[in-house]
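To keep things clear, I will list the structure first and then write my remarks on it.
The values are calculated or read from the model by the stated rules, or taken from the named source; none is laboratory data. A quick note: this is a predicted structure, and the numbers were derived from the prediction, not measured. Positions of Cβ are generated from backbone atoms using ideal geometry, with glycine treated the same way; all protein chains shown enter the neighbour counts.
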Amino acid sequence: MDPVITASVPLLEPPGWALAQRGLFDLLDRAWRAFEDGFTEPDGRLAYRGGLGTRDGVDDFYETFFNWPQLYLLGGADDLLPAAERHWEGVTRQLTELGMLHDEYERGYDWFHQGESLLLFYFLCLAAPDRWAARARRFADLYVDPAHGNYDPVHRIIRRPHNGSDRTREGLFDGVSYPWLPEEARMYGFPLEWVLPPGAQEPPREHDPRLGRELRERAGVGDTAVNLAATGLVLNALLLTGEPRYRDWIAEYAGAWCARAAANGGIVPDNVAPDGTVGGLMAGRWYGGHYGWSWPHGWYSVGQAATIAALAGVAATGDESFLDLVRPALDEIIAQGKVMTFAEADSSLQSRWTAQLGPDVHTPTLHVPFRYADRGWFDHNPMMMAVPTALWHHSAAPADRERLERLRAASGYDWRTVRPFRTKEEAGHEEPWLAFLAGDDPGYPERILAAAQAQVRHRLARMDRHRGEDVAEADIHLWQQTNPVVTEALVQLTWGGPQVLYNGGLQQARVRYHDAGARRPGLPPSVAALVSRIDPEATVVDLVNLDPGTDHAVVVQAGAFGEHTIHTAHHTACDDPSWVGGLYDYGHTEPRITSVPTRVDGPWLTVRLPRSTTVRLTLRLGLRTRTPSYRSPFDTP
């Protein structure tokens, strides 16, 4: 039996963050139902009657619902999980009819987009592992089993940049040239810009060697760094099944890329020829691969894929050296950074940073280069904090913490600022969260919850504007832009973790929760949680039962996958009832609070929360001391 703690501190004045958190849960429950009613069909598919003219589009359908099962795991409504499952099933049928899937899986596309489309699937696997295990095996085996044609075990490469369930799919495009839009050419330039002779005139688009035969032959075969995100798919199967073959494949494939990075001065290259040589099709260049260092979006795509693989490697094997797939490249782009205003930068991500920085687009701050080509480092942007935050959250290592402190010191803008924006990743507020965890901003929880409310209400208004419209293929991002489910604030505040890496990562968390009464994941109704510190020696969690009439019980789990050990738990207690006072007293006295230690030495701790009580837990954790899995505290050992 897991240890049990019973809260005894009376809840007299509910903290503002707790009321705001439960208010957000209530608003989100109304919001997803409104979206479902206005934009989906009864079988779960999206209300779309057009076709798809390119290989692109699968991700845009699935991304719409990516965080719905995540909200269920946080404590969303009981019927949210079957709704999310219905939408995955409906969208899968819809995309199969559109010719985009085979056997329920992407026929063949890059892992920058495949990773995005699979987030919904990963969260469904975490929420209902028994129902999704067969699919998880089948999808992972597309890569683990060489018979499917995606993996070459001799050279330890994924054979093509566009890969999936259709082994006959070749190259990067189906016509004579890559469909590079004028707007893309303006923002990003051209891939393989070096194949055009210096001083040559701009060729007609359909005859441009940077987009046609040269691109097909040099970038359309062999491995590319964004394929590293496939390790997330295989890790998902490993967490579900524990089968050693999934662990071995992650170690082999990610290990091969670690060796290539080490041979390249620590910087992960982005292309490997079919014969296993880095730069073999790029005239020796370690850069230029599909969605690599020279392409859109450079570090944004390479860094996330490498981090997904690094964390998968550590989770599968326990070997922390997999993090060297990321750290040297991250430190290199920071070393190449320079201080400027965003208005002066050569960024290709203008719309993103204009919203995220707000007035600080005119504030001098550190900009790091996201891309590399023959001309050297270019495409300067403020540091996207998802990768350095994920590294520190995983390791708790002093060097990873010190990197965050250097980035904060180099920032011209105040990290405590909370701006009202929502990126496609449903992330981007790492800086103020980190400032809160450092003890610099106690008001952050209420401000980020208010910002989340604003984004939900904004999207509800956007839904009203676009409900009932016929969606053109060019506008299929409408669904992502109107999805009113926002989870970043809840992930940070309740789980003590960053939002999931959007291009195919699996969730990170210091703690997760299970409703002991309902025997399901998530916080019980009327219960709020706040993680205010995530140091392993002192992870601090406040639990509040706002319900004045109903008791609840919460199982606190160490880690997203039970991979940590709770060694000890100190909890606040009030054993003296004299605070109530006498019958004729006009008020009450302050409850006398003490601290009580409990030995746990396991991944789960049950906390009973009588009505109108609160408790603060200070947990001493052993990080990554247990085999990660999707097992819940309600499973039979």
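Some notes on this structure:
- Residue match in region 585-599 (condition: modelled with pLDDT under 95, of a type outside the set (Val, Ile, Thr) and buried (at least 17 other Cβ atoms within 10 Å of the Cβ)): yes
- Scanning region 481-515 for residues that are more than 18 Å from residue 559 (Cβ to Cβ), touching a Lys or Arg at 6+ places or on another chain (Cβ under 9 Å) and not β-branched (Val, Ile, Thr) yields 481, 483, 484, 488, 502.
- Residues considered: 335, 315. Of these, the only one that is within 21 Å of residue 236 (Cβ to Cβ) and either surrounded by 15 or more Cβ atoms within 10 Å (Cβ to Cβ) or modelled with pLDDT of 95 or more (or both) is 315.
- One residue stands out in region 63-80 among those that are in a helix (DSSP H, G or I) and over 13 Å from residue 124 (Cβ atoms): the one that is farthest from the chain's Cα centre (by Cα), namely 74.
- Every residue from region 440-467 that is without any contact (Cβ under 8 Å) to a residue 12 or more places away in the chain and more than 24 Å from residue 481 (Cβ to Cβ): 442, 443
- For region 236-280, the set of residues classified as of a type in the set (Ser, Thr, Tyr) and either more than 23 Å from the chain's Cα centre (by Cα) or outside any helix (DSSP H, G or I) (or both) consists of 277 only.
- Residue check, residue 402 assigned to a helix (DSSP H, G or I) and closer than 29 Å to residue 270 by Cβ: yes
- Residues in region 214-228 that are within 20 Å of residue 179 (Cα to Cα) and not hydrophobic (A, V, I, L, M, F, W, C): 214, 216, 217, 218, 220, 224.
- Only listed residue being among the aliphatic types (A, V, I, L, M), closer than 24 Å to residue 296 by Cβ, outside any helix (DSSP H, G or I) and touching a helix residue (DSSP H, G or I) at 6+ places or on another chain (Cβ under 9 Å), chosen from 215, 228, 211, 233: 211
- Of the residues making up region 290-320, those that are in contact with a helix residue (DSSP H, G or I) (Cβ under 7 Å, 6 or more places away or on another chain) and over 25 Å from residue 379 (Cβ atoms) number 9.
- Subset of region 1-26 [surrounded by 21 or more Cβ atoms within 10 Å (Cβ to Cβ) and among the polar types (S, T, N, Q)]: 8, 21
- Test: residue in region 81-92 that is in contact (Cβ under 8 Å) with a residue 24 or more places away in the chain, crowded, with 16+ Cβ neighbours inside 10 Å, of a type in the set (Lys, Arg) and not in a helix (DSSP H, G or I): no
- All positions within region 582-614 that are more than 22 Å from residue 540 (Cα to Cα) and charged (D, E, K, R): 585, 590
- Pair list, Cβ under 6 Å, 6 or more apart: region 265-283 residue touching a residue at least 24 places away in the same chain (Cβ under 8 Å), other residue acidic (Asp, Glu): 267/332; 272/223
- When region 27-58 is limited to residues that are among the acidic types (Asp, Glu) and part of a helix (DSSP H, G or I), the one that is surrounded by the fewest Cβ atoms within 10 Å (Cβ to Cβ) turns out to be 37.
- Annotation note: Cβ proximity below 7 Å between a residue of region 415-426 that is in contact (Cβ under 8 Å) with a residue 60 or more places away in the chain and a residue that is among the β-branched types (Val, Ile, Thr) (sequence gap 6+ or interchain) occurs for 422/486; 426/486; 426/487.
- Unique residue being modelled with pLDDT of 95 or more, surrounded by fewer than 19 Cβ atoms within 10 Å (Cβ to Cβ) and in a helix (DSSP H, G or I) when the list is 409, 451: 409
- Checking the stated criteria, residue 351 turns out to be of a type in the set (S, T, N, Q), farther than 13 Å from residue 391 by Cβ and either surrounded by fewer than 24 Cβ atoms within 10 Å (Cβ to Cβ) or in contact with a Leu (Cβ under 6 Å, 6 or more places away or on another chain) (or both).
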